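**Q** Could you have a look at this structure, given as structure tokens, before my questions?
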Amino acid sequence: MSSSEAVDQLAERARAKKRAQTRAAILRQTVRWHWISAAICLVGMLLFAITGVTLNHAGAIEGSPKRIERAAEAPEPVVQALRAAGEGALPAEARRWAGEALDVRIPASAPVEWSEEEAYVALPGPGSDAWVSIDLGSGEALYERTDRGPVAYLNDLHKGRNTGAAWSWFIDIFALGCVVFCVTGLILLQMHAHARRTTWPLVAAGLIIPLLLALFLIH
């Protein structure tokens with residue numbers, strides 16, 4: 001073997017070693033991000049998978065709504081504050097009084113429907129609907145809440161219905177975590193596919209089956 005051939009072999013071994021080190025580094029980082037995203041998204045994925053089933057069979061799952069009704073008469077200072085407001089958010093005095101007399105928390109940001117006769121506040125929440133109405137003449141206040149049960153609560157969490165900004169942020173971050181989990185999983189599939197011949201047929205099936213269902217069986 002000539003000296004030039006020996007040099008070429010050494011160079012090729014060095015390049016092969018570098019490729020192997022690079023692949024090993026990518027594999028370590030991919031596995032790390034895969035298990036981190038899996039750990040972060042585990043509970044959320046279980047929640048969304050289970051509620052996917054309950055939403056798909058919502059008509060077959062019977063709820064048992066519970067209704068709460070309360071009534072009270074607002075004092076004159078509260079009524080005067082409401083008349084003076086006439087638009088915008090519910091005055092702080094009215095919100096404090098409603099919390100004490102009707103045992104209901106009305107956020108300062110809650111939208112109010114004003115009329116000459118009453119102030120009406122809708123208070124929807126996940127799995128529930130509620131409202132407060134205060135008569136601007138007599139001060140008569142009514143509060144009603146309908147709770148549709150834990151399944152409806154979880155279904156609304158799935159849809160992000162009436163859940164507020166914090167849950168909306170959670171869904172966005174959770175979705176990003178799921179993207180990381182799926183992308184790193186795809187990279188791991190690609191890196192190990194040579195040892196598992198069924199890898200890409202199974203991945204293709206995961207794409208083709210829902211695509212065919214959507215094209216031919218959804219009307």
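**Q** Using 1/(1 + (r/R0)^6) with R0 = 41 angstrom and r between the beta carbons of TYR120 and ILE171, what's the FRET efficiency to the nearest 0.05?
**A** 0.90
**Q** Kirkwood hydrodynamic radius for the range 60-103: how many Å is it when counted over pairs of different Cα atoms?
**A** Roughly 12.5 Å, rounded to one decimal.
**Q** Taking the radius of gyration and the Kirkwood hydrodynamic radius from Cα positions alone, what is the Rg/Rh ratio for the chain, to two decimal places?
**A** 1.29
**Q** Give me Rg/Rg_expected for the range 11-128, where Rg uses Cα atoms only and Rg_expected = 2.2 N^0.38 Å with N residues.
**A** Against the empirical 2.2 N^0.38 Å value, I get 2.12 for the range 11-128.
**Q** Would you work out the charge dipole size for the chain about its Cα centre, treating the Cβ of every Lys and Arg as +1 and the Cβ of every Asp and Glu as -1, and quote it to the nearest 20 debye?
**A** 2380
**Q** Ranking request for peptides 84-91, 192-199, 138-145: highest mean number of other beta-carbon atoms within 10 Å first, then the rest in descending order.
**A** So the order, starting with the most tightly packed, is 138-145, 84-91, 192-199.
**Q** Something else: Taking every pair of alpha-carbon atoms in the range 106-198, what share in percent sits in each 5 Å bin, from 0 to the bin with the longest distance?
**A** Going from the shortest bin to the longest, the percentages are 3, 11, 13, 13, 12, 10, 9, 7, 6, 4, 4, 3, 2, 2, 1, 0.
**Q** Then there is this: Once the other residues with Cβ under 14 Å from the Cβ of GLY164 are scored (Lys, Arg +1; Asp, Glu -1), what is the net sum?
**A** Every neighbour counted, the sum reads +1.
**Q** How about LYS159: which lysines have a C-alpha closer than 16 Å to its C-alpha, ignoring those fewer than 8 places off in the same chain?
**A** The reachable lysines, counting only those whose Cα sits under 16 Å from LYS159, number zero.
**Q** Work the Kirkwood hydrodynamic radius out for the range 66-148: mean of 1/r over every pair of different alpha-carbon atoms, inverted, in Å.
**A** 12.6
**Q** Please report ASP135, ASP103 as a ranked list, fewest other C-beta atoms within 10 angstrom at the top and most at the bottom.
**A** The order, fewest Cβ neighbours first, is ASP103, ASP135.
**Q** Pick out the long, greasy-scoring helices in the chain: whole DSSP H runs spanning 18 Å or more along their own axis by Cα, mean Kyte-Doolittle at least 1.6.
**A** Passing helices, by number: 164-192, 199-212.
Every number here is computed from the coordinates shown, using simple stated rules; none is lab data. Owing to the predicted nature of the structure, the values given are computational and were not obtained by experimental measurement. Because the Cβ atoms are built from the backbone with ideal geometry, glycine has one as well, and the counts that use them run over all protein chains shown.
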